[in-house]
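The values are calculated or read from the model by the stated rules, or taken from the named source; none is laboratory data. Every value quoted in this text rests on a predicted model; they were computed, and no experiment measured them. Cβ sites come from the backbone with ideal geometry, for glycine too, and all protein chains shown count toward neighbours. Quick note on the areas: whole protein, heavy atoms, side chains included, nothing else; ligands and nucleic acids left out. Shrake-Rupley method; radii C 1.70, N 1.55, O 1.52, S 1.80 Å.
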Amino acid sequence: MIAVDRKGPKTLYRQIYDAYRTGIVDGSLRAGQRIPSTRVLASELGVSRFPVLNAYAQLLAEGYFESRIGAGTVVSNSLPDNLAPSVQTRKRVATIGPRPMARTASVLPISGRPPWLRGRGAFGVGQVDFDQFPLRIWSSLVARHCRKMDAESLQYGGPMGSKALRETIRNYLRTARSLHCEAEQLMIVSGSQQALDISVRVLLEPGDAVWVEEPGYHLAKDVFSMMGCELVPIPVDGEGLNVAFGIERCRKARAALVTPSHQFPLGVTMSASRRFQLLEWAQDTGSWIIEDDYDSEYRYTTSPIASLQGLDGNDRVIYIGTFSKVLFPSLRLGYVVIPPDLIDRFLAGRRTMDLGPPRFFQDVLADFIDEGHFARHIRRMRVLYGGRQAALVNSISQELGPRVEVLGAQAGMHLTVTLPKGTRDKEIAERAAAMNFWLWPLSPLYMSARSRPGFILGFGSTAARHIPRAVRKFRSLLDAR
Ligand SMILES: Cc1ncc(COP(=O)(O)O)c(C=O)c1O
């Protein structure tokens, strides 16, 4: 039953081992069946005895063979009769009975990326212009830190992140974002998503109600769902999250997740009165506010908006920031600002998922910020993105005029256009994706059926001169519906 291929990629030992193992597992060799001696098999195959001896030794060690004095080597008698089904399990999962898992895990969507998120192009949302990133400077800092590496740098880093980076970010947040915080309150994480996950583990329990923005950021909602929280969608209007609606609908919610500087996806900035209402609600009900400040560095008409955290006198806000938009997403570095009395709790929560952020890129980033490259990059990109935003707003007004309403164009790297009721934005997006044109529809970001149709148009990665042509293509897709 064994044939070997001397020129094949597998060693002779491996081919002999695999052939016997497969024969036993699929039932063609039975328990107790005699196996030829190593000398006989080697001579039948025309190979040296070494690979045969090695293969037999391995099969004996793993319990597929047993050797009996006087009887030579036989297929083991102690193997279960029906080996084959267990080996084929992977192909037949659906037919082999219950496969229990956490209810919370089973409610998460697993359908893969929707068509409009599968590629990059003119209106890709959240896409940075990588060509503008000062790669040469970054690479030279990386090289400098490589040269400095020693045995100590291989050791675990601090579980909150590097001290130098936390000091640097603290200074930046105080001046640029009006945060009240000390470096001790800053935990470095692998992006906003991890910050949110740790916050939810520490602050919430299964069954807790949580206000989420309607429409809102889908990946954040999944974190609450995984914890078994009840999502309570609260509409966003021209002033941001409608706090009065939230109080009416579910005053006792344990937390609210908000993007007050530049709401995702509508782009609204939360008004001062809404900010105070939200803080007052949190204080009155003992609830938490999670502030996701994902792209607020880029504002085109005014200075960056002061954070909600900076207005909070009661330590009810957990502030989350990320370098995904302002630098690049594969860096996977972000931070969470923790109220002082919760630092130890957050640290304990973090230890269950990782023991701290990787050290190397934190050190590179700290130098990048300290040496002024970060501030320079933001200034340059603000001008560049501002030009792209203006080009997009102009083109939309020329090509589409009153057919669409433009929302949230003052900040960030995307704006949103809403369309008349009944427009099938998902279908248009699917058709566009089939033409390698990526349009992110608005309606899937709503939880309730009362969604508004529209599109989120990213402009970060498209040069201003290419924008008019992309808008014409967008218009032709709308016309063809
Ligand atoms: C609302 C919102 N928050 C956060 C993020 C960034 O997440 P991360 O820091 O995990 O890359 C994004 C990215 O698109 C986002 O849209």
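Quick rundown of the values:
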| item | result |
| --- | --- |
| Residues satisfying the stated conditions in region 392-404, i.e. open to solvent by 20 Å² or more (accessible area, probe 1.4 Å) and modelled with pLDDT of 95 or more | V393, N394, S397, Q398, E399 |
| Any hit, region 283-295, residues being open to solvent by 50 Å² or more (accessible area, probe 1.4 Å) and more than 13 Å from the ligand (Cβ to nearest atom) | yes |
| Filter pass, E230 being on the phi < 0 side of the Ramachandran plot, surrounded by fewer than 23 Cβ atoms within 10 Å (Cβ to Cβ) and away from the ligand (no atom under 16 Å from the Cβ) | yes |
| Filtered residues of region 182-226 (kept if part of a loop (DSSP other than H, G, I, E, B), within 16 Å of the ligand (Cβ to nearest atom) and open to solvent by 10 Å² or more (accessible area, probe 1.4 Å)) | S190, Y217 |
| F264 vs. criteria under 22 Å from S199 (Cβ atoms), within 16 Å of the ligand (Cβ to nearest atom), in a helix (DSSP H, G or I) and at pLDDT 95 or above | no |
| Odd one out for L179, checked against (1) farther than 25 Å from F360 by Cβ; (2) within 12 Å of the ligand (Cβ to nearest atom) | (2) |
| Candidate set from region 27-46 (those that are touching a helix residue (DSSP H, G or I) at 6+ places or on another chain (Cβ under 8 Å) and part of a helix (DSSP H, G or I)); member that is farthest from N77 (Cα to Cα) | L45 |
| Flag for E239 being more than 16 Å from the ligand (Cβ to nearest atom), among the charged types (D, E, K, R), open to solvent by 10 Å² or more (accessible area, probe 1.4 Å) and under 23 Å from R299 (Cβ atoms) | yes |
| Test: residue in region 152-160 that is surrounded by fewer than 17 Cβ atoms within 10 Å (Cβ to Cβ), away from the ligand (no atom under 15 Å from the Cβ), charged (D, E, K, R) and at pLDDT 95 or above | no |
| Selection within region 242-267 - β-branched (V, I, T) and either under 18 Å from G286 (Cβ atoms) or surrounded by fewer than 24 Cβ atoms within 10 Å (Cβ to Cβ) (or both) | V243, I247, V258 |
| Index of the failed condition, L365 passing every other in (1) more than 26 Å from E152 (Cβ to Cβ); (2) within 16 Å of the ligand (Cβ to nearest atom); (3) open to solvent by less than 20 Å² (accessible area, probe 1.4 Å) | (1) |
| Residue in region 138-161 that is of a type in the set (F, W, Y), farther than 22 Å from T462 by Cα and assigned to a loop (DSSP other than H, G, I, E, B) present | yes |
| Cβ pairs under 8 Å, 6+ apart, first in region 201-213 and under 22 Å from D344 (Cα atoms), second of a type in the set (S, T, Y) and part of a loop (DSSP other than H, G, I, E, B) | R201/T352 |
| When residues of region 325-355 are limited to those that are open to solvent by less than 20 Å² (accessible area, probe 1.4 Å) and in a loop (DSSP other than H, G, I, E, B), the one nearest to the ligand (Cβ to nearest atom) | L333 |
| Pair list, Cβ < 6 Å and 6+ apart or interchain, from region 263-287 residues that are closer than 20 Å to I320 by Cβ to residues that are of a type in the set (S, T, Y) and open to solvent by less than 20 Å² (accessible area, probe 1.4 Å) | P265/T416; L266/T416; G267/T416 |
| Near pairs, Cβ below 8 angstrom, 6+ apart or cross-chain, from region 1-26 (in a loop (DSSP other than H, G, I, E, B)) to any residue that is at pLDDT 90 or above and of a type in the set (V, I, T) | I2/I16; V4/I16; V4/V47; R6/V47 |
| Flag if E430 is open to solvent by 70 Å² or more (accessible area, probe 1.4 Å) and part of a helix (DSSP H, G or I) | yes |
| Some residue of region 129-146 being open to solvent by 30 Å² or more (accessible area, probe 1.4 Å), over 26 Å from the mean Cα position of the chain (by Cα) and touching a residue at least 40 places away in the same chain (Cβ under 8 Å) | yes |
